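Asker: My questions will all concern the structure given below.
The values are calculated or read from the model by the stated rules, or taken from the named source; none is laboratory data. This is a predicted model, so every value here is computed, not measured. Note that we place each Cβ from the backbone using ideal geometry, even for glycine, and neighbour counts take in every protein chain shown. The protein model used for the area step is the full one, side chains on, heavy atoms only, and it has no ligands, DNA or RNA in it. Shrake-Rupley method; radii C 1.70, N 1.55, O 1.52, S 1.80 Å.
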Amino acid sequence: MRAFRALTVTAAACAALGLGAPFATANNPNSGNGPSNVTVNPYSVHQGASMQVSAAGCGHGGTVWSHGNFPQTNLSAGSIGFATVRIFNHASPGHHTLSVKCHDNSLVATHRFTILAGNGAQGGLGGSFGPSTVETAIGAGLVGAAALGAGVHVVRRRRPAAARS
């Protein structure tokens, strides 16, 4: 009974693959049908922030643009091309459309995205901001106290044992 189940599952899987092959060939992203499956990440992006755009079907690369929202940017070559775009600081908030065009095809694909008002969080700057004067003063005080404590410890350890009693 187990062998029959395994044979049935294997036959069904082979049939599914065999029937799906013509569809896979027809939708091959490298077949020159132009850009397809355009995605953006994140969909909602703040003014001045970056957004990743990807598209299939541009085997030789392409360009991505959205007038008034970010400059024209190159899309990398490959089965799925990628581009990182930076939204203008002055881009108007709301729903917008970007366009993708392959270098080897005249077809243009579009995708919607949303620009949010205001600047996003300044995350990932990794130490590019220096400490404030208050933080510097506290740090200097802690270093001074540590040096004083170390000095007291060394002086006490130097005294002969008879002098300590």
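Asker: Starting from residues that are of a type outside the set (V, I, T) and open to solvent by less than 60 Å² (accessible area, probe 1.4 Å), keep the ones in region 71-87 and report whichever is nearest to S44 (Cα to Cα). Break it down into steps so the answer makes sense when it comes.
Answerer: Looking only at region 71-87, we keep the residues that are of a type outside the set (V, I, T), and these are 71-72, 74-79, 81-83, 86.
Remaining after also requiring open to solvent by less than 60 Å² (accessible area, probe 1.4 Å): 75-76, 78, 81, 83.
Values: L75: 20, S76: 23, G78: 26, G81: 21, A83: 16 Å.
Only one residue fits best here, namely A83.
Asker: Follow-up question, since we're still on this one. Take region 128-141 and flag every residue that is under 39 Å from the mean Cα position of the chain (by Cα) and assigned to a helix (DSSP H, G or I). Steps first, answer last, please.
Answerer: If we filter region 128-141 for residues that are under 39 Å from the mean Cα position of the chain (by Cα), which is where we start, we get 128-140.
Hits for region 128-141 are T133, V134, E135, T136, A137, I138, G139, A140.
Asker: Does R112 qualify as being open to solvent by 100 Å² or more (accessible area, probe 1.4 Å) and at pLDDT 90 or above? If you could, list the steps in order and put the result at the bottom.
Answerer: Values: open to solvent by 100 Å² or more (accessible area, probe 1.4 Å): yes; at pLDDT 90 or above: yes.
When the stated conditions are applied, R112 passes them.
Asker: Let me ask another. How many residues does region 52-69 hold that are buried (at least 23 other Cβ atoms within 10 Å of the Cβ) and closer than 16 Å to H90 by Cβ?
Answerer: Residues meeting the conditions: 1.
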